[in-house]
Amino acid sequence: MSDTVAVVLLLALTAYAVLGGADFGAGFWDLIAGGPERGARPRELIEHSIGPVWEANHVWLIFIFVVSWTAFPEAYASIMLTLFVPLTLAALGIVLRGASFAFRKSVVTLRSRRGFGAAFAASSVLVPYCMGAVAGGIASGRVPAGGQAGDPVDSWLNPTSLVTGLLALTAVAYLAAVYLVWEARGDDDAELTEYFRRRAVVSAVVVAVVGVVGLVVLHGDAPYVFDGITGRALPVVVLGFLCGTGALVLLARDATRGARALAVLAVAGLVVAWGVAQWPYLLPETLTVSSAAAPSGTLQALFVTIGLALVIVLPGFLLLFALAQKRLLPGEGVPDVADRTMHGSAD
Amino acid sequence: MSTAVQVVGLIADVDPVPWARSQMAFTLAFHIILVPLGVSWAFLTLIANYRALRHDDADALLLAQRWSKYMAVTFAVGAVTGTVLSFEFGLLWPRFMGRWGEAFGVPFAFEGIFFFTEAIFVAIYLYGWRRMRPWAHFWTGVPIVLAGIFGTMSVVAANAWMNAPSGFTLDSSGDVVSVDPVEVIFNDAMPLETAHMLVAAYLVGGFLIASVYATGMLRGRTDHYHRLAFTIAFTVAAIATPIQMGVGDALARWVYDEQPVKFAAIELVPQTSSDVPETLLGHLNSDGSVTGGIPIPGLASWLSDPGTGTSTVVQGLDSVPASERPTEQEANVVHLAWDVMVGLGTLLFLLSLWYGLSWAVRRRAPGNRVFLVLAACSGVLAVVTMESGWVVTEVGRQPWIVYEYMKVENAATANTGVWITFIAVVLLYLALGVTAIQVLRGMSRRFRRAGGFHEVDGPYAPSEPPRGEPDEETVR
Ligand code: HDD
Ligand code: HEM
Ligand code: HEM
């Protein structure tokens, strides 16, 4: 039973990486888009593309927290105690990012928009890095079992965390670039399509390089996970790699829809590979999933909520997603008479 | 050099517990302000939406559309501050979560589902104005209301569980070995506490929104649009208020029965006795005497159980060892917060009564300035009332985090850097709060500057969605 919960947890992590990740990655491209004039057009596309769905994406993270503290309370306590610093930074980054994005959409003067924009972009980079570093700390066995605190510094400032942090950052940037190519194509905007296509290719190469360096690092620093990745999880890794490469091929051929699907699979492959590689451990080599699990009553309650999620949340989510994909959601709700008058009175 | 080491040493030695308590309290107190809006605004919006569709009322339609936009902003802020809370449970109280997560977490798992639903339907409702048939669109708002209600019930059930822990068995070393999730969620404190908070959400949300329009009316904006907005919001609040008094009264009696020490702090009762006075204000001193304030003889006893009247025995703070009850200081905080909640609650009740009588007798809202001024203040007052209620609940439970099972000091993180995160969080939230208010006001100014409220084309008619934001230059 605890295995099922762990699988659900891994799937939720994957969903967060793929859906939330694209939002963070878009923030990365926003950050490096250049000055207000040069970056104006890509920024507009970015803002428009993460409009409606971004709100829902945070909930994945909350879901992950809630399921972990309910199903695996001791492991959760260990992780939170040990990785206090990067998790706190991530939390602060999320506040800053969410708020500044919401406000950027609602304020109108250029100066205040630029301020919010910068806060949004910078925190978009901070959060995925911290999350990746947390994963690295766990994967390399730096979090002790039993609700104990490990080393407060080395647990996230270590070779594995550095690599996984960078991997998270580059992977979400890659994903976002592929999404944005698709968005730009939908707008029939050849210039922006090309703009993000170039970035997608470059970031894909960077992900691959970081991945290879990562393997070397894991070999020395996180042997259990290294063995997993090169053994049990190897098919997943290969599949992910093929998908990532395939996405680039399709991008070059202008088949953006297929490219997007493959890019999603590639990033999902990364997360799943990590999970498979450290199976059956929750905290590698000290705590297994089954020994960390909460009593069965709790797990049954979690199954009920997961069932409810399938019945209630999933259809709504798919509907929202379908609407967004069919571009049936206007960028900012119903245009108000106020907005319209302002357009009318321009110049 | 050695001073630098000393400074570092000092920093490293800061006791995390008071900082963790302060940070938790601060972020919760912030989040809870957004909650009433998140829970009740969708309901108010649907009332306006319904009126627009049923009576073909253009003002009501515009109101519903604008409210749905504001709602989205407050929802966004609510979501991020809520996300921080879920980080904090682990970051600040890892030993609490490690030991009790399997029980305490259950209601939160349900909360997650409801907030998921809420987030999705807020987006659909907000973006569906032009793309859906009017009634279909209306119905996409209903899940927001339901999810808000059930979500609130789940979260408050978790808090109620801290007050009345049940639904688990422990082994000899105190670890949870089995959990009955139904018992956990429907713990003894849950029915009344969730009811009280839920009604509070509608009460506070209604008064808050109404107070904005009351301010507008005081400034001379008395058109149909403003009156409609005021009426919808204030009516909901005015209906919720008397209900809240009743629920609060029942809750107080529950506390008397089940959490006698908290009740002693509420009523400022140092020693167990009968014929206990209800002291308004007043102060508990370290020698156990109560000075100042206005004692009303016998009332606390009488209210605790009207059946036995003034001879009802009320348990005092001294009935448990000092290590198992709130400190004097905490007891004073609880008592003051209690006076504020009940005092302001009574004031809001009288205001609602005035409004109700005016409708009953004259078929319209009271139009005079005194009423409008009070209505304009009601939003802030209601928020203060609700915050005070939470202080009663939370500080009154001290020193327990899980009543009679775990103390706060044993639950906290050992990380000594909490004071730094506390300062960072306070600064960030203050900035967030100030900007949120500025943005909402900016939106309303923009809406107003646009003048009249004539939609040129039918708002449900399909049209090209506008791309990009209104032009920067034109609004300066
Ligand atoms: C704004 C709304 C509001 C109003 C008008 C009142 N309250 Fe309240 N009260 C709350 C909002 C609130 C609250 C913030 O929502 C609390 C905190 C926890 C809870 O469930 O409700 C609360 C807590 C709370 C508690 C503590 C429960 C516990 O510790 O378990 C008691 C005993 C009362 N209330 C009683 C009353 C009485 C007798 C009222 C009548 C005058 C009253 N409240 C008015
Ligand atoms: C359902 C929601 C809530 C839960 C689960 C919850 C949980 C907690 C926890 C775990 C603590 C730390 C332990 C302790 O000090 O007892 C705490 C403290 C506190 N909370 Fe809550 N809380 C909730 C709602 C609120 C709200 C809305 C407020 C608003 C003011 C609030 C005010 C406080 C205060 C003031 C403290 C510090 C008490 C003290 O240390 O003296 N809580 N809460
Ligand atoms: C009395 C206590 C609480 C109530 C009634 C409450 C209610 C709400 C509501 C209605 C929302 C939706 C956002 C909005 O509309 O503004 C929200 C957001 C949220 N709250 Fe609270 N909350 C409470 C306390 C807490 C606590 C203690 C936590 C800690 C885990 C929490 C976690 C969250 C999260 C994670 C969100 C974001 C959900 C989303 O994205 O939709 N809340 N809360």
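For this structure, a couple of remarks:
- Packing rank of B:373-385, B:338-350, where each peptide gets the mean count of other beta carbons within 10 Å, highest leading: B:373-385, B:338-350
- Mean separation of Cα contacts under 8 Å (6+ apart) over length of chain B, as relative contact order %: 19 percent
- Estimated [θ] at 222 nm from DSSP helical runs (n ≥ 4, -39500 (n - 2.57)) normalised by residues in chain B, nearest 500: -24500 deg cm²/dmol
- Shielding by other protein chains, B:431-440, mean Cβ within 10 Å: 4
- Taking a sphere under 15 Å around the Cβ of residue A:141 and counting the other residues whose Cβ falls inside, with K and R at +1 and D and E at -1, yields a net charge of -4.
- Contact order normalised by residue count of the stretch B:256-384, Cα under 8 Å, 6+ apart, percent: 24 percent
- Projecting label points 7 angstrom from Cα along Cα→Cβ for residue B:296 and residue A:254 puts them 8.1 nm apart.
- Peptide ranges B:163-169, B:363-369 listed from the most packed, as the mean C-beta count within 10 angstrom indicates: B:163-169, B:363-369
- Per residue, the convex hull spanned by the Cα atoms of chain A amounts to 135 cubic angstrom.
- In terms of Cα atoms, the Rg and Dmax of the protein assembly as shown work out to 27.7, 88 Å.
- With Cα atoms, 0 to 90° folded angle of helix B:2-12 axis to chain B main axis: 80 degrees
- Within 10 Å of each Cβ in B:166-174, the average number of Cβ atoms from other chains: 1
- In a simple Cβ point-charge model (Lys, Arg +1; Asp, Glu -1; nothing else charged), the protein assembly as shown has a dipole of about 2980 debye relative to its Cα centre.
- For chain A, with +1 on Lys and Arg beta carbons and -1 on Asp and Glu, the positive-most of A:39, A:58, A:160 along the dipole: A:39
- Per-residue mean of foreign Cβ neighbours for B:129-138 is 2 (Cβ atoms of other chains, 10 Å radius).
- Note on chain A: helix-only mean residue ellipticity at 222 nm, from DSSP H runs of 4+ residues weighted -39500 (n - 2.57) and normalised by residue number, equals -25500 deg cm²/dmol.
- Spin-label model, residue B:410 to residue B:308: label points 7 Å out along the Cα-to-beta-carbon direction sit 3.2 nm apart.
- Within-9-Å neighbourhood charge of residue B:288 [Cβ basis; K, R +1; D, E -1]: -3
- Label positions at residue B:133 and residue A:4, each projected 7 Å from the Cα along the C-beta direction, are separated by 3.9 nm.
- Relative contact order of chain A: 23 percent, from C-alpha pairs under 8 Å at least 6 residues apart in sequence.
- Principal semi-axes of the equivalent ellipsoid, √(5λ) from the alpha carbon gyration tensor of the stretch B:1-157, are 42, 18, 11 Å from largest down.
- Peptide packing: for B:126-139, B:426-439, B:229-242, the average count of neighbouring Cβ atoms within 10 Å per residue gives the ranking B:229-242, B:126-139, B:426-439, highest mean first.
Read-outs throughout are calculated quantities, based only on the coordinates presented, and are distinct from any laboratory measurement. None of these values were measured; they are calculated from a predicted model. As a convention, Cβ positions derive from the backbone with ideal geometry for all residues, glycine included, and neighbour counts pool all protein chains shown.
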